[in-house]
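The values are calculated or read from the model by the stated rules, or taken from the named source; none is laboratory data. A quick note: this is a predicted structure, and the numbers were derived from the prediction, not measured. Here the Cβ positions follow ideal geometry from the backbone for every residue, glycine too, while neighbour counts run over all protein chains shown. Keep in mind that these areas ignore ligands, DNA and RNA; they rest on the heavy atoms of the full protein, side chains included. Shrake-Rupley method; radii C 1.70, N 1.55, O 1.52, S 1.80 Å.
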Amino acid sequence: MASPPLDLLLARCADGDKAAFRRLYDLSAPQLYAVALRLTRQQSLAADAVHDALLQVWQRAGRFDPARGSAETWLISLVRYRALDLIRRRGREITGEELPERIDEAPDPLDQLTERREGVALRRCLDRLEIDKRRLVTMAFLDGLTHAELAERLKTPLGTVKSWIRRGLQDLRRCLEA
């Protein structure tokens, strides 16, 4: 049996349908956890980010607007913002247990997204970006690095990094709208 689309499940969640929320959770939690783990680099913070994001989904599913983007993108953005919030609150210092070194066999979140219909255009447009712009955009939005962290890492003035990222996003937007 085919699963209902995520946007339909979100609409049902907005109406208080607990079964729809459970199905949404089952379908999206693994990918959301992978995104959060990539950003936080800590299992406990990643789990907290997913929990907080899905709680937000349950409380505010009615705010999802399919005209502004896909349900998957909306869910990923919620977990991304929650993960970045947790990182900023707790800092990037890993205290206590570090993640064990092991190969992550799950596909990269960007690869998962670009396998889907709406992600194909994103991959095409990312591939058209200049290498430096693409690297900055992916480091900022997939790896969760702040502008200041990127400036420090690249030994480049903060304003320059912000301009490069803004131009990269503008190029992406133009490509996606074409």
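With respect to the conditions (1) among the aliphatic types (A, V, I, L, M); (2) in contact (Cβ under 8 Å) with a residue 60 or more places away in the chain; (3) surrounded by fewer than 18 Cβ atoms within 10 Å (Cβ to Cβ), LEU10 falls short on a single one, namely (3). If the condition is being farther than 25 Å from ARG88 by Cα and of a type in the set (Gly, Ala, Ser), then region 7-63 contributes ALA11, ALA14, GLY16, ALA19, ALA20, ALA61, GLY62. Residue count for region 24-49 under the criterion of being surrounded by fewer than 18 Cβ atoms within 10 Å (Cβ to Cβ) and free of Cβ contacts under 8 Å to residues at least 12 places away in the same chain: the result is 2. For GLY62, the conditions (1) buried (at least 18 other Cβ atoms within 10 Å of the Cβ); (2) within 28 Å of GLU177 (Cα to Cα) all hold with the exception of (1). Number of residues in region 124-161 that are in a helix (DSSP H, G or I), surrounded by 15 or more Cβ atoms within 10 Å (Cβ to Cβ) and without any contact (Cβ under 8 Å) to a residue 24 or more places away in the chain: the value is 7.
Look at (1) among the hydrophobic types (A, V, I, L, M, F, W, C); (2) modelled with pLDDT under 85; (3) more than 21 Å from LEU78 (Cβ to Cβ) and you find that ALA151 fails only one, number (2).
Only residues that are more than 15 Å from ASP7 (Cα to Cα) and open to solvent by 70 Å² or more (accessible area, probe 1.4 Å): list them for region 50-59, please. Residues satisfying the conditions are HIS51, LEU55, GLN59. When region 162-172 is filtered for residues that are open to solvent by 80 Å² or more (accessible area, probe 1.4 Å) and touching a residue at least 24 places away in the same chain (Cβ under 8 Å), the ones remaining, listed by number, are TRP164, ARG167.
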